[in-house]
Amino acid sequence: MSDLLIHVSRRAMACEFEVRFPAERCQQGTESALAALDLIEAWEEEISYFRPTSQLSRVNLLAAEESVEVSPPLFELLRLAMTLHAETQGAYDVTSAPLWEAWGFARRAGEIPTPAQLAEAQSRVGSHLVELDPTRRTVRFRQPGVRINLGSIGKGHALDMCGQRLLGLGMADFLLHGGQSSVLARGLRSPGLPAGSPSTLRCWEIGIRDPRQPSRRLGIVRLHDRSLGTSSGQFQSFRHQGRRYGHILDPRSGWPAEGVLAATVVAPTAALADALSTAFYVMGADQSLDYCRTHPEIGAVLVCPGPGDGRVEVHTAGLDDGEFEAEA
């Protein structure tokens, strides 16, 4: 049977979303892929931090003064974000927008804030400042100046929505990605191989690259009915007096996170994988590996600075044999 894959893509949420599927298994695959990708525009209108007409912008504008009702999907995503904030001891926090702005990353002009600027921004950061009412499905801020940015979880949720639509349309084998860093896999890449073939030959394979040398691949993660998210501070950063400052900030200190070069998380949903990859980048290797031990549904590949200039160390947790294969 042919191993040909069909690719259908669309630009949204500042990246390229793509559906891939085996040609011979999905006769109506192109139409189904287009229908799934149609969902993204409406979702972006709900959660965009930059569109003044979005639901999230309305929350950021009004929630310090009144309770703001939001859609069920947005409310559930906010509730997940609050849960992850508690589980990661504050390493994951969707209210970090004031810090992101203070460091200049919102306008892609990074700069080190003054101590006064940092303190003022941090006074408006913290998920404890967000009040969710599940009965009325409303959001309220406990003080002025709080702002939510769902950039670390919204793209993953878009993939989850698209995946559900594809499954509902009868597609069983497909890969979805948003900008390469957020991935959702369902079924098998090569379902037509003989039944006795090793499952590793039929899974969807995602390369893990060295963040310091992107042309070098460190290994492969194999996905089957799982999702993957990767966070790295290498690709949006600035240098000051010989030191590099990345855009992923530790909301607890207000400073760029250090100790991890790239964090890849494998999880049941793309939203969870995206959010936890950000959290693990902030938490560091030891705390992230501990999290995986107490959450067996979560796997991780953490790339950290190694001994010697330019070297890296790769730490893994929660992945079965065959799910991750390191390059020789």
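The values are calculated or read from the model by the stated rules, or taken from the named source; none is laboratory data. Small disclaimer: the values here were computed from a predicted structure and weren't measured. Cβ placement follows ideal geometry from the backbone for every residue including glycine, while neighbour counts extend to all protein chains displayed.
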**Item:** All positions within the stretch 152-180 that are among the small types (Gly, Ala, Ser) and surrounded by fewer than 19 Cβ atoms within 10 Å (Cβ to Cβ)
**Value:** Gly168, Gly170, Ala172, Gly179
**Message:** I need every pair where a residue in the stretch 90-102 that is closer than 19 Å to Thr114 by Cβ has its Cβ under 6 Å from the Cβ of a residue that is of a type in the set (Lys, Arg) and in a loop (DSSP other than H, G, I, E, B), sequence separation at least 6 or different chains.
**Reply:** Ala97/Arg147; Pro98/Arg124
**Qualifying positions in the stretch 126-146 - surrounded by 13 or more Cβ atoms within 10 Å (Cβ to Cβ), out of contact with any Lys or Arg (no Cβ under 8 Å at 6 or more places or on another chain) and on the phi < 0 side of the Ramachandran plot** = Ser127, Thr138, Val139, Arg140, Phe141
**Spans of strands (runs of 3 or more DSSP E) in the stretch 209-324 with at least 1 residues in contact with a Cys (Cβ under 7 Å, 6 or more places away or on another chain)** = 213-223, 299-305, 312-317
**Of all residues in the stretch 102-146 being touching a helix residue (DSSP H, G or I) at 6+ places or on another chain (Cβ under 7 Å), part of a helix (DSSP H, G or I) and not polar (S, T, N, Q), the one that is farthest from Leu62 (Cα to Cα)** = Leu118
**Item:** Unique residue being surrounded by fewer than 18 Cβ atoms within 10 Å (Cβ to Cβ) and of a type outside the set (D, E, K, R) when the list is Ser32, Ser48, Ser123
**Value:** Ser123
**Request:** May I ask you to verify whether Leu39 is crowded, with 20+ Cβ neighbours inside 10 Å, touching a residue at least 12 places away in the same chain (Cβ under 8 Å) and under 21 Å from the mean Cα position of the chain (by Cα)?
**Result:** no
**Message:** As an exercise: evaluate Ala64 against (1) surrounded by 14 or more Cβ atoms within 10 Å (Cβ to Cβ); (2) closer than 28 Å to Tyr281 by Cα and give the number of the one condition it does not meet.
**Reply:** (2)
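For (1) assigned to a helix (DSSP H, G or I); (2) among the aliphatic types (A, V, I, L, M), each residue gets a yes or a no:
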position	(1), (2)
Glu18	no, no
Glu31	yes, no
Leu34	yes, yes
Asp38	yes, no
Glu41	yes, no
Tyr49	no, no
Thr53	no, no
Asn60	yes, no
Glu66	no, no
**Asked** Here are some residues: Arg142, Arg108. Which one is over 21 Å from Glu45 (Cα atoms) and modelled with pLDDT under 95?
**Response** Arg108
**Prompt:** How many residues does the stretch 53-88 contain that are farther than 16 Å from Ala271 by Cα and either at pLDDT below 95 or of a type in the set (A, V, I, L, M, F, W, C) (or both)?
**Reply:** 9
